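Read through the structure below, which is laid out as structure tokens, and then see the notes.
Each value in this text was obtained by applying a stated rule to the coordinates, not by laboratory testing. On a predicted model such as this, the values are computed, not experimentally measured, just so you know. Cβ: placed from backbone, ideal geometry, glycine included. Neighbour counts: every protein chain shown.
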Amino acid sequence: MADEPLVLGIETSCDETGVGIVRGHTLLADAVASSVDEHARFGGVVPEVASRAHLEAMVPTVRRALDEAGVKASDLDGISVTAGPGLAGALLVGVSAAKAYAYALGKPLYGVNHLASHICVDQLEHGPLPEPTMALLVSGGHSSLLLSPDITSDVRPLGATIDDAAGEAFDKVARVLGLGFPGGPAIDRQAREGDPEAILFPRGLTGPRDPAFDFSFSGLKTAVARWVEARRRDGEPVPVADVAASFQEAVADVLTRKAVKACKEQGAGHLMIGGGVAANSRLRAMAERRCEDAGIVLRVPRPKLCTDNGAMVAALGAEMVARGRTPSALDLPADSSLPVTEVSVPDASLDGHGHGHTHGHTHGHTHDHVHELSRQNLYGQQDGK
Amino acid sequence: MLLLAFDTATPAVTAAVHDGARVLAERTTVDARRHGELLIPSVDAVLDEAGAGRADLTGIVVGTGPGPYTGLRVGLVTAAALGDALGIPVHGLCSLDGLAHAALRAGLAAEEFLVATDARRKEVYWARYTARPDGTGLAPALRTEGPSVDRPGQLPEELAVLPCVGAGAGLYRDGALNGWGTGALGGDDRMPVHQSAAALAELGAEVLAAGGAGFVEARPMYLRRPDAQVPAGYKAVLPS
């Protein structure tokens, strides 16, 4: 137990300054300073406000995590940090801090992928990830179905949103309903009093010829806005709880339907759900029922580990150390569009046994190309039938 | 005594080591887009060249700007984290004071001068310095105005025509009828253009030797509020 890797992880990709400490699969500390209240009046996260808050919170949050864990910085086996994707200026604060700690303490640095961290965090809750793991990641910035045979080196995108992320749709619908920012918790609360079948909102990309594992939530958001505005225009009251419940139902329905289908098609016996939207009570309940019906084991971490935090970054860092993965160089860049397929950013000069990650790390890549190497490339023979 | 100084408030990523008597090593790379990548490797290089280890450091001197925010934060968070991990104090110095110090050491003889750097958005960060007749006083004490951020064209003419050091000196002259740029000392190559950590380290060592007056809290001098508009209201989807 004591010889499991002790890692401190730093997360600053959006509006939470997160610092977590884990030993192997055991969570020792999870300190988070959020600037969400400063963003609320703007109706969304303001990058410069977030970056300023990260700088103020960085060292105090590290201190808090070390105190909470009761460990000394000198005992750490490594420092891991979200290298991307995320807000460029925000990421840079965490990456710079992580490098300074790693350098000062003489510890290896691991620049890791935010999305892979969201998956890996479940090891702290439910033990080692099955291999492969099917993961549904849903947050304000991402909505993806990912298949990972090895969380430290191999994450394969099966599908992702083609427009808004699920959490973004929650925020926008909350704005339409006047429920404030962030929208997720507010809609969840309202929806408990509402009828999820009151209004049949559209389920995007669920037609027979639509891509099986991609998502679209932009049309849903507009449909809700049109419905609400039509009521207002006719001078009728807006049944906020029913709208919230029916909207939430549409999101949860599409997400769980596609996730279960992906598990079946890929022969995965487990489904992991992560990201801020995984805190949604209806999504959790529906996923439980549908997974049970399909004979799939559902793994969803507690809500505090689903939203952005440092523990998830530490969890992936600890797994990197345990598996002897190549650390990052001290010139590690923050990469706002780091592809999901790049689980970490290894030091190219050390990475002798590259996994195809050692290409010149140039900017300007987009998320689009991740789709090309997706689809049935893990179990070529099994898919489809 | 072994001071590590660095600054990321200008396009230069610059680090230096000072032993209380002299600068032992300096490394400066001008690349405004790579502060995050270059800073720690530069720190490593100067410590190496100085034949010192991290544990030998007794203090950190960091430029607090003003400067473009994203780069500026790299220096400040690095200083805070290094200071925390090594258990050594972090001293802040206004980055413009570093440039002023470099100019004075290089022989700038003017009684009054400005330091100006690029604040982007057609603005400059600037400060005014007034030398003493007896030649005494360090840059922080000689700063008589600023740091501020303004469009050069909006500065009063008496300021705009002063001798001016730094990359902001000749910038954004368009439409400026106040003489901005006439005092630019860009042609004198003894004068600094961007920050040099060697100058900052030297200034830091002198401030420290004089008791510390002139250091500022190691927090960013942004001088502007974040750009963000509170949305006017809900924008309808249906045509009205």
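A few notes on this one:
- Take every Cα pair under 8 Å whose residues are at least 6 apart in sequence, average their separation, divide by the length of the stretch B:96-185, and the relative contact order is 29 percent.
- Of the chymotrypsin sites (Phe, Trp or Tyr not before Pro) in the stretch A:186-244, not one is in a loop by DSSP (not H, G, I, E or B) with at most 15 other beta carbons within 10 Å.
- For A:Leu271, nonlocal amide neighbours, meaning residues 5 or more places apart or on other chains whose placed amide H falls under 5 Å from its own, are A:Val297, A:Leu298, A:Arg299.
- Projecting the Cα atoms of B:Val124, B:Gln154, B:Gly107 onto the charge dipole of the stretch B:96-185, computed from C-beta unit charges around the Cα centre, puts B:Val124 farthest toward the positive end.
- Two-site FRET efficiency, A:Asp331 against A:Glu236, from Cβ-Cβ distance with R₀ of 51 Å, rounded to 0.05: 0.25
- Look at the alpha carbon pairs under 8 Å that are at least 6 residues apart: their mean separation over the length of the stretch A:8-106 gives a relative contact order of 36 percent.
- Highest-fluctuation residue, A:Lys304, A:Lys264, A:Lys72 considered, GNM on chain A with Cα pairs under 10 Å: A:Lys72
- Under 5 Å, built H, 5+ apart or other chain: amide partners of A:Phe213: none
- Helix screen, chain B: DSSP H segments with Cα axial length of 18 Å or more and mean Kyte-Doolittle hydropathy at least -0.5 are B:35-49, B:69-86.
- Chain B, Cα convex hull volume normalised per residue, Å³: 158 Å³
- Cα centre as origin, Lys/Arg/Asp/Glu Cβ charges: the stretch A:52-99 dipole, Debye: 180 debye
- The 3J(HN,Hα) values that the Karplus relation (6.51, -1.76, 1.60; θ = phi - 60°) gives for the stretch B:153-161 are, in residue order, x, 9, 7, x, 4, 4, 7, 4, 9 Hz. Gly and Pro appear as x.
- HN-Hα J in Hz across the stretch A:331-342 - Karplus 6.51, -1.76, 1.60, θ = phi - 60°, x for Gly and Pro: 9, 3, x, 7, 10, 5, 10, 4, x, 4, 6, 9
- Cα-based Lys proximity count in the protein assembly as shown, under 21 Å, for pairs eight or more positions apart or on separate chains: 10
- Nitroxide proxy distance, nm - points 7 Å out along Cα→Cβ at B:Val237 and B:Ala55: 6.3 nm
- Relative contact order for chain A: 24 percent, from Cα pairs under 8 Å spaced at least 6 residues apart, divided by residue count.
- Volume per residue that the Cα convex hull of chain A spans, once the total is divided by residue count, Å³: 138 Å³
- Top of A:Gly276, A:Gly18, A:Gly267 by mean-square fluctuation, Gaussian network on chain A, Cα under 10 Å: A:Gly267
- Residue (of A:Ile10, A:Gln123, A:Gly204) at the positive-pole extreme of the protein assembly as shown, dipole from beta-carbon charges: A:Gly204
- Placing +1 on the Cβ of every Lys and Arg and -1 on the Cβ of every Asp and Glu, with nothing else charged, gives the protein assembly as shown a dipole about its Cα centre of roughly 1200 debye.
- Nearest-20 debye value, the stretch A:167-256 charge dipole, Cβ charges on Lys, Arg, Asp, Glu: 280 debye
- Euclidean distance of C-alpha centroids, the stretch A:235-280 and the stretch B:70-127, integer Å: 51 Å
- Residues with amide H under 5 Å from that of A:Ala29, placed H, sequence gap 5 or more: A:Ile21
- Compared with the dominant Cα axis of chain A, that is its longest principal axis, helix A:310-322 is turned about 50°.
- Remark: C-alpha extents of the stretch B:49-161 on the principal axes read 49, 38, 22 Å, sorted largest to smallest.
- A:Glu288 sits among other residues whose Cβ lies under 12 Å from its own Cβ, and their net charge, with Lys and Arg +1 and Asp and Glu -1, is +3.
- Gaussian network model of chain A, Cα within-10 Å springs - most flexible of A:Gly295, A:Gly310, A:Gly180: A:Gly295
- A dipole drawn for the protein assembly as shown from +1 and -1 charges on Cβ atoms has a positive end, and of A:Ala262, B:Val23, A:Pro85 the residue lying farthest that way is A:Ala262.
- Computed 3J(HN,Hα) for the stretch B:133-148, one whole-Hz value per residue from the Karplus formula 6.51 cos²θ - 1.76 cosθ + 1.60 where θ = phi - 60°, is x, 7, x, 8, x, 8, 3, x, 7, 8, 6, 10, 7, x, x, 9, glycine and proline marked x.
- With Rh defined as the Kirkwood radius, the inverse of the mean 1/r over Cα pairs, the Rg/Rh of the stretch A:143-250 is 1.06.
- Simple spin-label estimate for A:Arg226 and A:Lys261 in nanometres, 7 Å along Cα-Cβ: 2.2 nm
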